[in-house]
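Read the structure below first, then the notes.
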Amino acid sequence: MRYAALWQADRERIQRMAPIEYIGRYMGGWFDFAIADELHQLAGDTAQGNGLGVLGRAAKRLIALTGTLMGGYADDLFNIFWRMEPRTMAGEGFAYGGQGRRDFQQQ
């Protein structure tokens, strides 16, 4: 399935899949490196931010670039750290979501 087309026609409609969805489903560990620029733009709970998490899982190494790491608050880093290193964050006792964010800020 890794070499299949991103879309294909059938008799009723065209089947489409977003490239990031395809990468997440079929290409885990496929890339040696993924590079994300303007990382601070990917911190929110958005489709682009979730795409960063998918790229992080699909690549052996994630290179993240930004000139503006945070807006002055610790929770600006929470989503970035969670997407880049979810096992480490969970290992440190943080849960994804509101309570985990509050615990992160307190520490």
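Apply the Karplus parameterisation 6.51 cos²θ - 1.76 cosθ + 1.60, with θ equal to phi minus 60°, to every residue of region 21-30 and state each ³J(HN,Hα) to the nearest whole Hz, in sequence, with x for glycine and proline.
5, 4, 4, x, 7, 10, 10, x, x, 6
Order the peptides 39-51, 75-87, 21-33 from the highest to the lowest mean number of other Cβ atoms within 10 Å of their residues.
Numbers: 39-51: 15.6, 75-87: 17.3, 21-33: 13.8.
Ranking, from highest mean packing down: 75-87, 39-51, 21-33.
Apply the Karplus curve 6.51 cos²θ - 1.76 cosθ + 1.60, θ = phi - 60°, to the phi angles in region 38-53 and return the couplings in whole Hz, x for Gly and Pro.
The phi angles translate into 6, 3, 4, 6, 9, 6, x, 7, 10, 4, 5, x, 5, x, 4, x Hz.
Taking a ≥ b ≥ c as the square roots of the eigenvalues of the Cα gyration tensor of region 19-107, is the shape rounded (a/c under 1.5), prolate (a/b larger than b/c) or oblate?
prolate
Amide H neighbours of Ala36 under 5 Å, counting only residues 5+ apart in sequence or on other chains, H built in-plane at 1.01 Å?
Placed amide hydrogens put Ile63, Ala64, Leu65 under 5 Å from Ala36.
Where a number appears in this text, it was derived from the coordinates with a stated rule and is not lab data. Fair warning: this is a prediction, and the values are worked out from it, not measured in the lab. Backbone-built Cβ (ideal geometry, glycine too); neighbour counts: all protein chains shown.
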